[in-house]
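What follows is a single structure, written as C-alpha coordinates, with notes after it.
The values are calculated or read from the model by the stated rules, or taken from the named source; none is laboratory data. Everything quoted here is computed from the prediction, not taken from an experiment. Positions of Cβ are backbone-derived with ideal geometry, glycine not excepted, and every protein chain shown enters the neighbour counts.
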Amino acid sequence: MTRADCVELWLHNRLGLNREQNEYEFTNRVLADGLGTTPADASGCIQAYLAKNNSCYVLARQGITSNSSWIATRRSRRTRLILRTYYRDSRIKFDRNIIHNLELLKTYNPKSARRIRRAIDDVEDALIELDKATHDL
(Lines give C-alpha, C1' and ligand atoms only; values in the text may rest on other atoms or scores of the structure.)
Protein backbone atom coordinates (compact mmCIF):
# COMPACT_ATOMS: atom_id res chain seq x y z
CA MET A 1 0.00 0.00 0.00
CA THR A 2 1.39 3.41 -0.98
CA ARG A 3 1.70 6.34 1.41
CA ALA A 4 -1.16 8.10 -0.39
CA ASP A 5 -3.33 4.98 -0.07
CA CYS A 6 -2.64 4.87 3.68
CA VAL A 7 -3.86 8.46 4.04
CA GLU A 8 -6.96 7.75 1.97
CA LEU A 9 -7.85 4.69 4.03
CA TRP A 10 -7.27 6.65 7.23
CA LEU A 11 -9.55 9.46 5.97
CA HIS A 12 -12.17 6.99 4.77
CA ASN A 13 -12.30 5.46 8.25
CA ARG A 14 -13.13 8.91 9.59
CA LEU A 15 -15.40 10.20 6.83
CA GLY A 16 -16.66 7.21 4.88
CA LEU A 17 -18.64 5.70 7.71
CA ASN A 18 -20.53 8.90 8.49
CA ARG A 19 -22.40 10.20 5.45
CA GLU A 20 -23.62 13.19 7.49
CA GLN A 21 -20.06 14.40 7.99
CA ASN A 22 -18.72 15.96 4.80
CA GLU A 23 -15.43 17.18 6.21
CA TYR A 24 -12.76 16.11 8.64
CA GLU A 25 -10.18 18.48 10.12
CA PHE A 26 -6.88 17.11 11.37
CA THR A 27 -3.30 18.07 12.07
CA ASN A 28 -0.08 16.47 10.95
CA ARG A 29 0.41 15.06 14.45
CA VAL A 30 -3.07 13.48 14.49
CA LEU A 31 -2.32 11.83 11.15
CA ALA A 32 1.07 10.63 12.43
CA ASP A 33 -0.56 9.09 15.50
CA GLY A 34 -3.28 7.52 13.36
CA LEU A 35 -0.77 5.97 10.98
CA GLY A 36 1.66 5.03 13.74
CA THR A 37 4.48 7.04 12.25
CA THR A 38 6.47 10.24 12.81
CA PRO A 39 5.20 13.74 11.99
CA ALA A 40 7.93 14.03 9.35
CA ASP A 41 6.73 10.85 7.66
CA ALA A 42 3.11 12.00 7.98
CA SER A 43 4.07 15.19 6.09
CA GLY A 44 5.48 13.02 3.32
CA CYS A 45 2.25 11.03 3.29
CA ILE A 46 0.21 14.22 2.94
CA GLN A 47 2.41 15.36 0.05
CA ALA A 48 1.97 11.97 -1.62
CA TYR A 49 -1.79 12.24 -1.18
CA LEU A 50 -1.84 15.75 -2.65
CA ALA A 51 -0.04 14.39 -5.73
CA LYS A 52 -2.46 11.47 -6.12
CA ASN A 53 -4.59 11.83 -9.26
CA ASN A 54 -7.72 9.92 -8.31
CA SER A 55 -8.16 10.70 -4.64
CA CYS A 56 -11.51 10.41 -2.90
CA TYR A 57 -11.05 13.60 -0.89
CA VAL A 58 -9.60 17.05 -1.40
CA LEU A 59 -7.16 18.31 1.22
CA ALA A 60 -7.26 22.01 2.04
CA ARG A 61 -4.60 23.44 4.32
CA GLN A 62 -5.33 26.14 6.89
CA GLY A 63 -2.33 28.08 8.12
CA ILE A 64 1.28 28.24 7.01
CA THR A 65 3.27 26.89 9.93
CA SER A 66 3.82 23.51 11.51
CA ASN A 67 0.65 24.27 13.48
CA SER A 68 -1.47 24.28 10.35
CA SER A 69 -4.41 21.96 10.02
CA TRP A 70 -5.83 20.07 7.07
CA ILE A 71 -9.44 19.67 6.02
CA ALA A 72 -10.41 16.59 4.07
CA THR A 73 -13.52 17.44 2.11
CA ARG A 74 -15.70 16.79 -0.90
CA ARG A 75 -17.45 20.14 -0.59
CA SER A 76 -16.96 22.86 -3.17
CA ARG A 77 -17.30 25.58 -0.53
CA ARG A 78 -13.63 24.98 0.30
CA THR A 79 -12.57 26.29 -3.13
CA ARG A 80 -11.86 29.72 -1.69
CA LEU A 81 -9.73 28.30 1.14
CA ILE A 82 -7.67 26.26 -1.32
CA LEU A 83 -7.08 29.22 -3.63
CA ARG A 84 -6.38 31.67 -0.77
CA THR A 85 -3.81 29.26 0.65
CA TYR A 86 -2.19 28.94 -2.79
CA TYR A 87 -2.17 32.72 -3.15
CA ARG A 88 -0.57 33.24 0.29
CA ASP A 89 2.06 30.56 -0.37
CA SER A 90 2.90 32.09 -3.76
CA ARG A 91 2.97 35.62 -2.40
CA ILE A 92 5.29 34.67 0.46
CA LYS A 93 7.66 32.73 -1.79
CA PHE A 94 7.74 35.53 -4.34
CA ASP A 95 8.31 38.27 -1.76
CA ARG A 96 10.88 36.39 0.34
CA ASN A 97 12.92 34.58 -2.29
CA ILE A 98 12.26 35.36 -5.90
CA ILE A 99 12.28 39.17 -5.77
CA HIS A 100 15.55 39.15 -3.83
CA ASN A 101 17.21 36.83 -6.34
CA LEU A 102 15.97 38.80 -9.33
CA GLU A 103 17.14 42.07 -7.80
CA LEU A 104 20.58 40.50 -7.32
CA LEU A 105 20.63 39.44 -10.97
CA LYS A 106 19.96 43.05 -11.96
CA THR A 107 23.04 44.19 -10.03
CA TYR A 108 25.20 41.47 -11.60
CA ASN A 109 23.97 42.18 -15.10
CA PRO A 110 22.61 45.73 -15.48
CA LYS A 111 21.82 45.14 -19.17
CA SER A 112 19.09 42.69 -18.16
CA ALA A 113 17.48 45.06 -15.64
CA ARG A 114 14.60 46.08 -17.91
CA ARG A 115 13.77 42.47 -18.80
CA ILE A 116 13.94 41.41 -15.14
CA ARG A 117 11.70 44.35 -14.12
CA ARG A 118 9.12 43.24 -16.72
CA ALA A 119 9.22 39.70 -15.35
CA ILE A 120 8.70 40.95 -11.79
CA ASP A 121 5.82 43.14 -12.95
CA ASP A 122 4.22 40.22 -14.84
CA VAL A 123 4.34 37.98 -11.78
CA GLU A 124 2.99 40.81 -9.60
CA ASP A 125 0.09 41.27 -12.03
CA ALA A 126 -0.65 37.53 -12.00
CA LEU A 127 -0.64 37.48 -8.19
CA ILE A 128 -3.01 40.44 -8.10
CA GLU A 129 -5.39 38.63 -10.46
CA LEU A 130 -5.23 35.47 -8.35
CA ASP A 131 -5.97 37.52 -5.24
CA LYS A 132 -8.97 39.16 -6.95
CA ALA A 133 -10.27 35.80 -8.16
CA THR A 134 -10.27 34.37 -4.65
CA HIS A 135 -12.34 37.30 -3.35
CA ASP A 136 -14.94 36.78 -6.09
CA LEU A 137 -15.74 33.22 -4.96
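A few comments on the model shown:
- ALA4 satisfies every condition listed in (1) within 30 Å of ILE120 (Cα to Cα); (2) surrounded by 14 or more Cβ atoms within 10 Å (Cβ to Cβ) except (1).
- Subset of segment 62-79 (residues that are within 14 Å of the chain's Cα centre (by Cα) and either assigned to a strand (DSSP E or B) or of a type in the set (Asp, Glu) (or both)): GLN62, SER69, TRP70, ILE71, ALA72
- The residue that is modelled with the lowest pLDDT, among those in segment 23-42 that are surrounded by 14 or more Cβ atoms within 10 Å (Cβ to Cβ) and not in a helix (DSSP H, G or I), is GLU23.
- Sub-9 Å Cβ pairs linking a first residue in segment 15-41 that is over 18 Å from ARG61 (Cβ atoms) to a second residue that is in a loop (DSSP other than H, G, I, E, B) and modelled with pLDDT under 95, at least 6 apart or interchain, are GLY16/CYS56, ordered by first then second residue.
- Search result, residues across segment 49-61 that are assigned to a helix (DSSP H, G or I) and either modelled with pLDDT of 95 or more or surrounded by 16 or more Cβ atoms within 10 Å (Cβ to Cβ) (or both): TYR49
- Contacts under 8 angstrom Cβ, first residue in segment 104-115 being hydroxyl-bearing (Ser, Thr, Tyr), partner assigned to a helix (DSSP H, G or I), 6 or more apart: SER112/LEU105; SER112/LYS106
- From the list SER69, SER112, the lone residue that is among the hydroxyl-bearing types (Ser, Thr, Tyr) and closer than 25 Å to MET1 by Cβ is SER69.
- For LYS52, the criteria (1) closer than 16 Å to ALA4 by Cα; (2) more than 19 Å from the chain's Cα centre (by Cα); (3) basic (Lys, Arg) hold in every case but one, which is (2).
- For the condition under 16 Å from LEU11 (Cβ atoms) and touching a helix residue (DSSP H, G or I) at 6+ places or on another chain (Cβ under 8 Å), ALA42 qualifies.
- Considering ARG96, ARG84, ARG91, ARG77, the condition of being at pLDDT below 90 and either surrounded by 13 or more Cβ atoms within 10 Å (Cβ to Cβ) or of a type in the set (A, V, I, L, M) (or both) is satisfied by ARG84 alone.
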